[in-house]
Amino acid sequence: MTRLAVFDFDGTVTRHDTLLPFLAELRGHRMVVAYLARRGPRIAATLAGFGSRDEEKRLLLRTMLAGMPVADARRAGDLVAARILRRGRVRATVVSAVRAHVARGDEVVVVSASPRFVVCSLMAELGVHDVITTELATSPAGLLTGEVIGANVRGEEKVRRLVLARPGRYERTIAYGDSAGDAALLAWADEAYWVHRARTGISAR
């Protein structure tokens, strides 16, 4: 039987979150900075547990992405992914684990709360094309509406979406994550690895 290796993306494969760099590439730094200045106190309160993280994210995406061509978003994702790789802003230990799983013939999946643009572009460079992300609605004209389809892929939703996409039986499931948003995924896996943000390396959980 095949093994299944599942990776979170932001903070696990990469050294930092990629959503804001992606939005800055697509809409310009000034627009992102202005939005954060306006919503900063509310965002800080939400991150502290007062309010809905998902609703705050939906507002951010609606504000930044509504009316943007999908082709432009793909281009921005490619540029950010290339910059991350060029500047070495990936975690070497995790990239080595990804490549080892690919070489072994394991099925490798990335499950991320981020939109797919940066995730797909960067992971394709590592030989991984199976990606589950927070999905964005598009219009018939090929424009992003700014709306999220379904739930934000975080927490329990990561497991739910993964099981829906991969209903088969596996010899072993292995998961890698770095934050509270990955706790459910790590608990679900047969073998789980915590990726340390503050220092190099991963450890069994």
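Observations on the structure shown:
- Note, ³J(HN,Hα) from phi for segment 105-111, Karplus 6.51, -1.76, 1.60, rounded to Hz, x at Gly and Pro: x, 5, 7, 10, 10, 9, 10
- Principal-axis tilt of helix 156-165 within the chain, Cα atoms, nearest 10 degrees: 70 degrees
- Residue-averaged [θ]222 nm for the chain, counting only DSSP H segments that reach four residues, each worth -39500 (n - 2.57): -14500 deg cm²/dmol
- Mean-position separation - Cα centroids, segment 96-154 and segment 1-52, in angstrom: 15 Å
- Residue-wise HN-Hα coupling along segment 168-175, computed from phi with Karplus coefficients 6.51, -1.76, 1.60 (Hz; x: Gly, Pro): x, 8, 10, 4, 7, 10, 10, 10
- Where GluC sites (Glu not before Pro) fall in DSSP loop in segment 95-183, at most 16 other Cβ within 10 Å: 171
- Rounded to 10°, Cα long-axis angle of helix 70-86 versus longest principal axis of the chain: 60 degrees
- The Cα atoms of segment 3-204 give a gyration tensor whose axes a ≥ b ≥ c have a/c of 1.5 or more with a/b greater than b/c, which makes the shape prolate.
- Each Lys and Arg contributes +1 and each Asp and Glu -1, all at the Cβ; summed about the Cα centre of segment 3-204, the dipole is approximately 600 debye.
- Each DSSP beta bridge with both residues in segment 3-204 is either parallel or antiparallel, and the antiparallel ones are about 35%.
- Ordering 160-166, 71-77, 139-145 by mean Cβ neighbour count within 10 Å, with the highest value first, yields 71-77, 160-166, 139-145.
Coordinate-derived values only; no laboratory data. Quantities reported herein were computed from a predicted structural model and do not represent experimental measurements. When we count neighbours, we look across all protein chains shown, and the Cβ atoms used for this are built from the backbone with ideal geometry, even at glycine.
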